[in-house]
Amino acid sequence: MSKKQSLKSGSDSGKLSFEAAIRALSEIVEKIETGQVPLEESLIQYEKGMSLIGQCRRILLDAEKRIGEIEKRHNPDQKEPESEEKTEDDGEQEKDEEALF
């Protein structure tokens with residue numbers, strides 16, 4: 001598979017639901033962990049996996065925003081909690097990427 005095909009198929013993952021992306025990510029990890037995949041295929045799978053991780057993060061951030069909006073509508077007098085998103089996200093991203101492989 002060429003690099004162009006790899007990148008194209010990685011962008012196709014943007015159409016998956018969160019659950020489907022997690023399943024696809026699990027399948028990628030399983031393939032690579034068996035050690036039965038050639039190096040080039042492992043790299044292609046790794047690239048797809050990173051794309052899926054990004055997609056899952058975007059879906060979760062959108063869900064978090066929606067929850068915040070719902071809470072604001074139903075509790076307009078409640079003070080918003082301070083956001084620690086930037087500091088926590090950076091550490092979580094590194095942990096997620098390490099946990100992938």
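The values are calculated or read from the model by the stated rules, or taken from the named source; none is laboratory data. Nothing here was measured: the structure is a model prediction, and the numbers come from that model. Here the Cβ is made from the backbone with ideal geometry for all residues, glycine too, and neighbour counts use every protein chain on show.
Condition test on residue 25, is it part of a helix (DSSP H, G or I) and in contact (Cβ under 8 Å) with a residue 60 or more places away in the chain?
Yes: the conditions hold for residue 25.
For the range 1-13, check the following and say yes or no: at least one residue is in a helix (DSSP H, G or I) and modelled with pLDDT of 95 or more.
Scanning the range 1-13 turns up no residue that is in a helix (DSSP H, G or I) and modelled with pLDDT of 95 or more.
Can you give me the number of residues within the range 48-98 that are in a helix (DSSP H, G or I) and either modelled with pLDDT of 60 or more or in contact with an Asp or Glu (Cβ under 7 Å, 6 or more places away or on another chain) (or both)?
To start, the set of residues in the range 48-98 that are in a helix (DSSP H, G or I) comprises 48-74, 85-98.
Next cut, either modelled with pLDDT of 60 or more or in contact with an Asp or Glu (Cβ under 7 Å, 6 or more places away or on another chain) (or both) only: 48-74.
Final tally of qualifying residues: 27.
Where residues in the range 21-46 are within 13 Å of the chain's Cα centre (by Cα) and of a type in the set (Ser, Thr, Tyr), which of them is surrounded by the fewest Cβ atoms within 10 Å (Cβ to Cβ)?
26
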